[in-house]
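Chemist: Provided herewith is a single structure, encoded as structure tokens, for subsequent inquiry.
The values are calculated or read from the model by the stated rules, or taken from the named source; none is laboratory data. None of the values given here were measured: they were computed from a predicted structure. Neighbour counts run over all protein chains shown; Cβ positions are idealised from the backbone, glycine included. Ligands, DNA and RNA are excluded from the accessible area calculation, which covers all protein heavy atoms including side chains. Shrake-Rupley method; radii C 1.70, N 1.55, O 1.52, S 1.80 Å.
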Amino acid sequence: MQLSDVQRDALVELLNIGFGRAGASLSRLTNHRVLLDVPQVAVHPVNQLSEHLSTVMHEQVASVHQAFSGPVGGDALLILDPVAAATLKELLTDEPALPLALDASSREVLTEVGNILLNACIGTFGNLLKVPVSFAVPDIDVSSLQAVVNRLLGSGDDAFRYALVVTAGFRLRDAEVTGYVVIVLTVQSLTRLLVAVEGWERNEGRH
């Protein structure tokens, strides 16, 4: 499944709305102005996710995972490499960055960042589809990139699931940190989302 230009542009615009909300929430939380860059979006079969992410990340990563359910359900993750995770924690808390494995304070901060960002992205899609979305409690893990991907595999229907991969560029205090939001959906949920996205784009174009 490939995104058309219209679908990609509309997803970017919608995710940017979610990113704007997340940036405002993080700014209030930290008392520092937090901006999120306009995201880039790609879609990949979930069984090709490791191959794609390994071009931008290596070895150990910190990942915040949050399952969501409802008429559209799936898994959402925020993935950060060790430098990005430590830098983001330091910028948000004024506390010195520590290398992975993350201490309890870092885990708490990054889990909250992931919770805010993932809720904003998925919530934007839920609002678009006019369907309720329920979120599980997020959890954070420090492991190899392959182990993170393996958690998403193995349900037996991987050929019918796709991953939206979204760049998440945080800007605060004259620094920039890049992570990746991964949203895993069944082909039915992704198709439903893309149909709604195209309709939203047409409506926006008429105004």
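Chemist: Assign one of three labels to segment 125-195, namely rounded, prolate or oblate, based on the Cα gyration tensor with a ≥ b ≥ c the square roots of its eigenvalues; rounded applies when a/c is under 1.5, prolate when it is not and a/b is larger than b/c, and oblate otherwise.
Modeler: Judged from the Cα gyration tensor, segment 125-195 comes out oblate (a/c at least 1.5, b/c at or above a/b).
Chemist: Looking at the chain as a GNM with Cα springs under 10 Å, which of 11, 117, 194 has the largest mean-square fluctuation?
Modeler: The residue with the greatest mean-square fluctuation here is 194.
Chemist: Have a look at segment 11-84 and give its Rg and Dmax from the Cα atoms, expressed in angstrom.
Modeler: Cα radius of gyration and Dmax of segment 11-84 are 14.4, 40 Å respectively.
Chemist: Then there is this: Using a basic spin-label model with each label point 7 Å from the Cα along Cα→Cβ, how many nm lie between residue 93 and residue 33?
Modeler: Placing both labels 7 Å along Cα→Cβ, they lie 2.5 nm apart.
Chemist: Shifting gears a bit: Mind checking which helices in the chain clear 30 Å along their axis (Cα) and have mean Kyte-Doolittle hydropathy of -1.0 or more, DSSP H runs only?
Modeler: Those that pass (Cα extent of 30 Å or more, hydropathy at least -1.0) are 5-30, 104-129.
Chemist: Label residue 2 and residue 136 with points 7 Å out from Cα along Cα→Cβ: what is the distance between them in nm?
Modeler: Here the answer is 3.4 nm between the modelled labels.
Chemist: Computed over the Cα atoms of segment 163-207, what is the convex hull's projected area averaged over all directions, in nm²?
Modeler: 4.7 nm²
Chemist: Mind checking the per residue accessible area of segment 5-206 for me, 1.4 Å probe, whole number of Å²?
Modeler: For segment 5-206, the solvent-accessible area averages 45 Å² per residue.
Chemist: Report, in deg cm²/dmol and to the nearest 500, the calculated mean residue ellipticity at 222 nm for the chain, where each DSSP H run with n ≥ 4 adds -39500 (n - 2.57) and the sum is divided by the residue count.
Modeler: Mean residue ellipticity, 222 nm, calculated: -15500 deg cm²/dmol.
Chemist: Could you look at segment 5-206 and say what percent of its accessible area is carbon and sulfur, using a 1.4 Å probe and all protein chains?
Modeler: C and S fraction of accessible area: 51 percent.
Chemist: Over segment 1-78, what relative contact order in percent results from Cα pairs under 8 Å that are six or more residues apart?
Modeler: In percent, rounded to a whole number, it is 23.
Chemist: Now for a different question. Taking Cα pairs under 8 Å and at least six residues apart, what relative contact order does segment 5-206 come out at, in percent?
Modeler: The normalised contact order for segment 5-206 reaches 33 percent.
Chemist: Among 126, 47, 82, whose Cα projects farthest towards the positive end of the dipole of segment 31-137, with charges put on the beta-carbon of Lys, Arg (+1) and Asp, Glu (-1)?
Modeler: 126
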